[in-house]
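K.L.:
The structure that follows is given in the form of structure tokens.
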């Protein structure tokens, strides 16, 4: 798998100042995403829970056409539950709670499960890394998994490999799906955004694919600066 994934070199060292500016911008964007996640969890989600409680009370108070009222209220309760699930999914898309709480491997297992992609994850002894490094790797791998779910075929399986080598985090997502011609089909928006995240940190992302032979998305993200405190 690794031999088919060629990673090009990162930006030249002379771009250090531009790189630092892009890192700051990326950190600010991630902070805003986390703020939105908290607002969704502590605000909108709590409002929906309160609505569900009130609907349960209304169910108990129904005094006309009881069978019809109960049926309708049950349906509304299910709608509220589904809305809660959608809100949580939105929050996870902005910044997954598992990534902050438990780290990259667990967050990617959750993403693969949510997307319905059978996935093997190899990440032995991978400890916690700076937030921006974990976020870049997560959204890169998630974008690759989304492509597997949407385009690789119903029976496609994926393998995620994460490891630290020579002061860099390396991430690969390889699938055994249908593959494509990269020259005829440029990267979709999800992978383009993932590339921007990786390059903002001085790294690089490469996509290797061939019709009938699956696809490999490979990224390398340098590890530098102080580790974040948790």
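The values are calculated or read from the model by the stated rules, or taken from the named source; none is laboratory data. What you see is a predicted model; the values in this text were computed from it and never measured. Cβ atoms come from the backbone with ideal geometry, glycine included; neighbour counts cover every protein chain shown.
K.L.:
Can you say whether residue 123 is assigned by TED's automatic domain parsing to the domain that holds residue 201, touching a strand residue (DSSP E or B) at 6+ places or on another chain (Cβ under 6 Å) and surrounded by fewer than 20 Cβ atoms within 10 Å (Cβ to Cβ), as far as the supplied structure shows? Quick ask: steps written out before the conclusion?
P.N.:
On the way: assigned by TED's automatic domain parsing to the domain that holds residue 201: yes; touching a strand residue (DSSP E or B) at 6+ places or on another chain (Cβ under 6 Å): yes; surrounded by fewer than 20 Cβ atoms within 10 Å (Cβ to Cβ): yes.
Spelling it out, residue 123 is indeed assigned by TED's automatic domain parsing to the domain that holds residue 201, touching a strand residue (DSSP E or B) at 6+ places or on another chain (Cβ under 6 Å) and surrounded by fewer than 20 Cβ atoms within 10 Å (Cβ to Cβ).
K.L.:
If you go through segment 99-107 one residue at a time, do you hit one that is under 24 Å from residue 213 (Cα atoms) and out of contact with any strand residue (DSSP E or B) (no Cβ under 9 Å at 6 or more places or on another chain)?
P.N.:
Start the filter on segment 99-107 by keeping residues that are under 24 Å from residue 213 (Cα atoms), which leaves none.
The answer is no; no qualifying residue exists.
K.L.:
Could you list all residues from segment 151-161 that are buried (at least 22 other Cβ atoms within 10 Å of the Cβ) and either touching a helix residue (DSSP H, G or I) at 6+ places or on another chain (Cβ under 7 Å) or assigned to a helix (DSSP H, G or I) (or both)? Step through it out loud before you land on a result.
P.N.:
Step one: filter segment 151-161 for residues buried (at least 22 other Cβ atoms within 10 Å of the Cβ), giving 152, 158, 160.
Those that are buried (at least 22 other Cβ atoms within 10 Å of the Cβ) and either touching a helix residue (DSSP H, G or I) at 6+ places or on another chain (Cβ under 7 Å) or assigned to a helix (DSSP H, G or I) (or both): 158, 160.
K.L.:
Has segment 107-118 got any residue that is at pLDDT below 90, buried (at least 22 other Cβ atoms within 10 Å of the Cβ) and either in contact with a helix residue (DSSP H, G or I) (Cβ under 7 Å, 6 or more places away or on another chain) or at positive phi (or both)? Break it down into steps so the answer makes sense when it comes.
P.N.:
Kept after step one, since they are at pLDDT below 90, are these residues of segment 107-118: 114.
Imposing the further condition that a residue be buried (at least 22 other Cβ atoms within 10 Å of the Cβ) reduces the set to none.
For segment 107-118, residues at pLDDT below 90, buried (at least 22 other Cβ atoms within 10 Å of the Cβ) and either in contact with a helix residue (DSSP H, G or I) (Cβ under 7 Å, 6 or more places away or on another chain) or at positive phi (or both): absent.
K.L.:
Scanning for something surrounded by 18 or more Cβ atoms within 10 Å (Cβ to Cβ) and in a helix (DSSP H, G or I), does segment 179-191 turn up at least one residue?
P.N.:
yes
K.L.:
If you check 16, 50, 29, 39, which single one turns out to be out of contact with any helix residue (DSSP H, G or I) (no Cβ under 6 Å at 6 or more places or on another chain), at pLDDT below 80, part of a helix (DSSP H, G or I) and farther than 30 Å from residue 217 by Cβ? Explain how you work it out, then say what you get.
P.N.:
Numbers: 16 fails: farther than 30 Å from residue 217 by Cβ; 50 fails: at pLDDT below 80; 29 fails: farther than 30 Å from residue 217 by Cβ.
Answer to the selection: 39.
K.L.:
Would you mind stating whether residue 202 is touching a helix residue (DSSP H, G or I) at 6+ places or on another chain (Cβ under 7 Å), buried (at least 17 other Cβ atoms within 10 Å of the Cβ), part of a loop (DSSP other than H, G, I, E, B) and free of Cβ contacts under 8 Å to residues at least 40 places away in the same chain? If you could, list the steps in order and put the result at the bottom.
P.N.:
On the way: touching a helix residue (DSSP H, G or I) at 6+ places or on another chain (Cβ under 7 Å): yes; buried (at least 17 other Cβ atoms within 10 Å of the Cβ): yes; part of a loop (DSSP other than H, G, I, E, B): yes; free of Cβ contacts under 8 Å to residues at least 40 places away in the same chain: no.
When the stated conditions are applied, residue 202 does not pass them.
K.L.:
Further question: So residue 65 fits all but one of (1) surrounded by 15 or more Cβ atoms within 10 Å (Cβ to Cβ); (2) on the phi > 0 side of the Ramachandran plot; what number is the exception?
P.N.:
Status for residue 65: all satisfied but (1).
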